[in-house]
């Protein structure tokens, strides 16, 4: 069996072949949305649904996404939400270490 995939974190195309008698492990990839509270470059401070803070996610390298976050926060009248993709890193697919990256930004204007 031949498997072709695209790494969701790097965009790199990967190919591998496995005997049909073997199981193939598939990593669990999650996409969550968080509210941006502050930016302390190179990190963003995010608020989880339960009100706790998550401060270990890096600002995106993509300049468009980064600018949307900064502009949304600078107005002071909008809420900024980011979608964060989380996936295990490493060849063994261990979930002990997750790579997390901002993949989308949503600006919600405050209601008057």
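Descriptive notes on the structure:
- On the stretch given as the stretch 23-47, residues that are under 20 Å from residue 88 (Cβ atoms) and assigned to a loop (DSSP other than H, G, I, E, B) total 7.
- Per this entry, residue 10 is not counted among residues that are free of Cβ contacts under 8 Å to residues at least 40 places away in the same chain and either under 19 Å from residue 107 (Cα atoms) or surrounded by 15 or more Cβ atoms within 10 Å (Cβ to Cβ) (or both).
- Of all residues in the stretch 55-70, those satisfying the criterion of being in contact (Cβ under 8 Å) with a residue 12 or more places away in the chain and either within 20 Å of residue 108 (Cα to Cα) or touching a helix residue (DSSP H, G or I) at 6+ places or on another chain (Cβ under 8 Å) (or both) are 59, 60, 65, 68, 69, 70.
- Residue 20 fulfils the conditions (1) in a strand (DSSP E or B); (2) in contact (Cβ under 8 Å) with a residue 12 or more places away in the chain except for a single criterion, (1).
Read-outs: derived from the displayed coordinates by stated rules, not from any lab. As the structure is a computational prediction, the values presented were derived from the model and not from experiment. Using ideal geometry, Cβ is built from the backbone for each residue, glycine included, and neighbour counts are taken over all protein chains shown.
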